[in-house]
1. Using the Cα centre of the chain as the reference point, and only Cβ charges (+1 on K/R, -1 on D/E), how large is the resulting charge dipole? Debye, rounded to the nearest 20.
2. Tell me the relative contact order for the chain as a rounded percent, counting alpha carbon contacts under 8 Å between residues six or more apart.
3. On a 0 to 90 degree scale, rounded to 10, what angle separates helix 318-330 from the longest Cα axis of the chain?
4. Classify the range 101-258 as rounded, prolate or oblate, taking a ≥ b ≥ c as the square roots of the eigenvalues of its Cα gyration tensor: rounded when a/c is under 1.5, otherwise prolate if a/b is larger than b/c and oblate if not.
5. Whole number please: convex hull volume per residue of the Cα set in the chain, in Å³?
6. Going by alpha carbons, how many degrees (0 to 90, nearest 10) lie between the helix axis of 2-21 and the longest principal axis of the chain?
7. Going by Cα centres, the range 309-328 and the range 167-197 are how many Å apart?
8. So what's the convex hull volume per residue for the Cα atoms of the range 179-234, in Å³?
Amino acid sequence: MRKKGKKWFGLLIAIVFLCAFCVPVAAASKLPRLQVKSTQLVNSSGKKVQLRGISTHGLSWYPEYVNQSAFTFMKKNWKVNAVRLAMYTAEYNGYCTGDASNRRKLEACIDNAVKYATNAGMYVIIDWHILSDGNPKTHQKASKAFFKDMSKVLKGYDNVLYEICNEPNGGTDWKTIKSYAKAVIPVIRENDKDAVIIVGTPTWSQDVDQAAASPISGYKNIMYAFHFYAGTHKDDLRNKMTNAIKAGLPVFVTEFGITDASGNGGIDKKEANKWIKALDKYDVSYVAWNVSNKNESSAMIKSSCTKKSGFKRSDLSTSGKWVYDLLWKKAGKN
Ligand code: IDC
């Protein structure tokens, strides 16, 4: 009897031991860690890489599109190699305006999303999506705590990039953004020496000229966000972008749309094509806004479609189809 008990005890210990090491975590990313060389992203052998991705809508707004099947589908059928996780800080159950349980929910959502993206073989951008809270300093303390935790938990994931402030606005100047960046970057660097960190720029991430005039020094693998909406933004903004790149600034278009800047309204395909031509010329990485079926023209999915994955071309909105065709055209080109 005693002997039998011992046997069972041994078995129990073995099971506990096995379980502890078999927690279903995603396999470490097989994607090469990206670095910034001159104005571009490159892989570990120095070859240029252009990320072409899509952004979620707000993670609190549309968490239902964060599922393994959708992420695998986007990689295989939409030909994206990156997904951006837009976590609003202020709007609609934002991370900084909701309660603690909302924060835990968003953290779990990001955790899952990173695993899904990793399993699907995609890069993933964690976006601290400031918007109505136009000055990133407003929630600097929360941002530091968030990125400290995230970079600690995700340190083994070579496919993670950090975007530390979506779109500073409301007159927030570059000096202020720089001071915020200098507070947040070291927190990430403490856990992750190499991950690419993308910093937003003044006026809804449009004034890359200001960043080019005074880039952040002392850290490698830093990029600068630039956003455009083809229905609103034309040659003058495009020139601002190309001039900043020519001046040596590593620019990443972490958000763009072919609608107007409200995310709704008219679509301008002619202007959108001009933008893509300019991005391709400089191998700028870009991410389209947004994966949802919201009744707005920038949403990729028709509002009548309630699927959460497995979308047919006919389930896509006009801008969804445009983005789809673009991604297919580029598929396979690094
Ligand atoms: C928009 C969404 C819309 C939502 C709104 C919240 O498309 O459904 O109601 O935010 O204020 C941005 C922002 C991005 C905006 C998008 C379109 O980064 O959050 O999304 N946009 O307005 N910058 C320029 C355009």
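1. Working: 50 positive and 28 negative charges, 364 e Å.
That gives a dipole near 1740 debye.
2. Working: 652 pairs, mean separation 59.1, N = 334.
In percent, rounded to a whole number, it is 18.
3. 80
4. prolate
5. On the way: hull volume 52.8 nm³, N = 334.
Output value, Cα hull per residue: 158 Å³.
6. Between helix and principal axis, roughly 10 degrees.
7. With the range 309-328 and the range 167-197 each reduced to a Cα centre, they are spaced 34 Å.
8. Numbers: hull volume 5.0 nm³, N = 56.
Dividing the Cα hull volume of the range 179-234 by its residue count gives 89 Å³.
The values are calculated or read from the model by the stated rules, or taken from the named source; none is laboratory data. The structure displayed is predicted, hence computed values, not measured ones. Quick reminder, even Gly has a Cβ in these numbers, built from the backbone with ideal geometry, and neighbours come from all protein chains shown. The area values use the complete protein model at the heavy-atom level, side chains included, leaving out ligands, DNA and RNA. Shrake-Rupley method; radii C 1.70, N 1.55, O 1.52, S 1.80 Å.
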